[in-house]
Amino acid sequence: MSTTWYTHIEQGREVSMSPAAAGRLANALTLGLVPRRHLFELAGLAEAARPGGGTDTLPAALAASVNVIESPAYVLDAHWTARAWNGAAATLFGDWLGGPDHNLLRYVFLNPSARRFVVGWEVRARRLLAEFRADTSGRAADEILAGLIQELRAGCTSFGRWWDEQ
């Protein structure tokens, strides 16, 4: 990547960038997950899966940090799947974190036990959906995210109705 090309990017000029080039730029700038995602959104690109699994690798320090928190704590990835949690969270959220699927949205909207566990389920579920929408807006190119939304719409009429209200 030339300095001229990079300068054109900084100046907001029209440049064509492949996902691989954007990934190399993000790596060179040592961007974290959120700034990296922002770079891809600004470029109008969908990030391809990184080596070793999903589109984001959980830093070891972040995974370890939940264990120093005394209260229930967990880390969600870009698709709202718990990637790390502490013992207090495992105890409190046993139905969710103790099962095979650690996606928070699937638990809240598709698991019948969530409606019994979450006090004021409708209010909390609506708030969770609003937070999810705000977190994921502008990521229409994310096929995993689109599939998750479709699954939730098909499996929970409340999710589908509330999703359409916006």
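The values are calculated or read from the model by the stated rules, or taken from the named source; none is laboratory data. All of these numbers come straight from a predicted model, not from anything done at the bench. Every residue, glycine among them, receives a Cβ derived from its backbone with ideal geometry; neighbour counts consider all protein chains shown.
Please go through the stretch 96-114 and give me each residue that is loosely packed, with under 14 Cβ neighbours inside 10 Å and either assigned to a helix (DSSP H, G or I) or touching a residue at least 40 places away in the same chain (Cβ under 8 Å) (or both), ordered by number.
Answer for the stretch 96-114, where residues must be loosely packed, with under 14 Cβ neighbours inside 10 Å and either assigned to a helix (DSSP H, G or I) or touching a residue at least 40 places away in the same chain (Cβ under 8 Å) (or both): P112, S113.
Exactly one of these conditions fails for S158: (1) in a helix (DSSP H, G or I); (2) in contact (Cβ under 8 Å) with a residue 40 or more places away in the chain; (3) under 21 Å from E41 (Cβ atoms). Give me its number.
Of (1) in a helix (DSSP H, G or I); (2) in contact (Cβ under 8 Å) with a residue 40 or more places away in the chain; (3) under 21 Å from E41 (Cβ atoms), only one is false for S158: (3).
Only one of A88, A82, A78, A125 is surrounded by 13 or more Cβ atoms within 10 Å (Cβ to Cβ), more than 20 Å from the chain's Cα centre (by Cα), assigned by TED's automatic domain parsing to the domain that holds L152 and of a type in the set (A, V, I, L, M, F, W, C). Can you tell me which?
Among A88, A82, A78, A125, only A88 is surrounded by 13 or more Cβ atoms within 10 Å (Cβ to Cβ), more than 20 Å from the chain's Cα centre (by Cα), assigned by TED's automatic domain parsing to the domain that holds L152 and of a type in the set (A, V, I, L, M, F, W, C).
Which residues, counting only those in the stretch 32-63, are assigned to a loop (DSSP other than H, G, I, E, B) and modelled with pLDDT of 75 or more?
Scanning the stretch 32-63 gives L58, P59.
Hey, any hits in the stretch 130-151 for a residue that's in a loop (DSSP other than H, G, I, E, B), out of contact with any helix residue (DSSP H, G or I) (no Cβ under 8 Å at 6 or more places or on another chain) and either buried (at least 17 other Cβ atoms within 10 Å of the Cβ) or of a type in the set (G, A, S) (or both)?
The answer is yes; a qualifying residue exists.
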